[in-house]
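Following: one structure in structure tokens, then a few remarks.
The values are calculated or read from the model by the stated rules, or taken from the named source; none is laboratory data. As the structure is a computational prediction, the values presented were derived from the model and not from experiment. Calculation scope for accessible area: heavy atoms of the full protein, side chains included, ligands and nucleic acids excluded. Shrake-Rupley method; radii C 1.70, N 1.55, O 1.52, S 1.80 Å.
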Amino acid sequence: MVLNARLDHRDPLVFDTHELGRRPGALQRLTRTVDAPKDFGLQGVIGVPEGAPVELDLRLESVMEGVLVTGTARARAAGECVRCLEPLEQQLEADFQELFSYPDADDRGRPVAEPGDDAEDDEDRFFVEDGLIGLEPVLRDAVVLALPMQPVCQEDCRGLCSQCGVRLSDDPDHHHDAVDIRWAALQGLAGSLGDGEKDEMSGDGADSADAAEKQEK
């Protein structure tokens with residue numbers, strides 16, 4: 001079990017649930033704009049820049065087992081198109097829901113003597129600690145799931161020319177004359193033969209000229 005023992009109430013992604021008072025059915029609605037933490041997204045692909053504003057709309061509900069948090073995070077994500085490598089931005093909206101369990105209650109809300117006896121069950125759970133909950137890990141998971149694994153600047157982006165690297169969307173008529181490598185080899189050979197014939201013809205012409213000159217003498 002992972003307790004939030006080091007939560008700091010001054011952290012903008014830490015929320016105080018004392019107002020709910022562990023009364024099942026009690027609700028609290030919150031809106032908050034926070035700065036995006038570091039590495040908020042898919043590293044090297046797309047994400048919310050560190051320090052960029054993230055708008056949070058939250059609903060905190062007290063249930064028998066703990067505090068159920070339902071919310072939406074909105075922000076601008078920045079990245080690079082996987083086809084043409086141009087910078088891009090897109091609006092991000094990530095929905096999430098997570099239960100923060102009371103550490104002294106089981107799945108039915110009943111008090112237990114030793115919280116965390118079943119390590120496997122507790123491994124992926126979040127807990128209320130001293131009335132505080134930390135949303136950063138929940139938000140990170142939600143943002144990663146909401147972001148595209150292969151972002152593109154536009155759906156019909158044509159990418160880059162494989163031969164020269166020009167952005168094809170900027171030059172729709174861009175092309176290179178395709179030459180079959182087999183014919184290219186023959187053309188090279190033909191060119192070599194042609195040069196040889198020219199040399200021979202030049203040589204024959206020179207010999208004829210010398211012969212004519214000798215006869216005149």
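Remarks
- Note on surface exposure: Leu99, Leu60, Leu145 rank Leu145, Leu99, Leu60 by accessible area, highest first, 1.4 Å probe.
- Glu19 accessible area, 1.4 Å probe, all protein chains in place, Å² to nearest 10: 130
- Placed amide H near Leu7: partners under 5 Å, 5+ positions off or other chain: none
- Ranking Cys164, Cys153, Cys81 from most to least accessible surface, computed with a 1.4 Å probe over the protein chains only, gives Cys164, Cys153, Cys81.
- Which of Met64, Met149 is most accessible, then next, and so on - probe 1.4 Å: Met149, Met64
- Long-range amide H partners of Ala36 with built H, under 5 Å: Gly51, Ala52, Val54
- For region 52-68, 3J(HN,Hα) computed residue by residue from phi via the Karplus equation (6.51, -1.76, 1.60; θ = phi - 60°) reads 5, x, 10, 8, 10, 10, 10, 10, 9, 10, 7, 10, 4, 7, x, 10, 8 Hz, glycine and proline entered as x.
- When a 1.4 Å probe is rolled over the protein heavy atoms, the share of accessible surface on region 15-114 that falls to carbon and sulfur comes to 45 percent.
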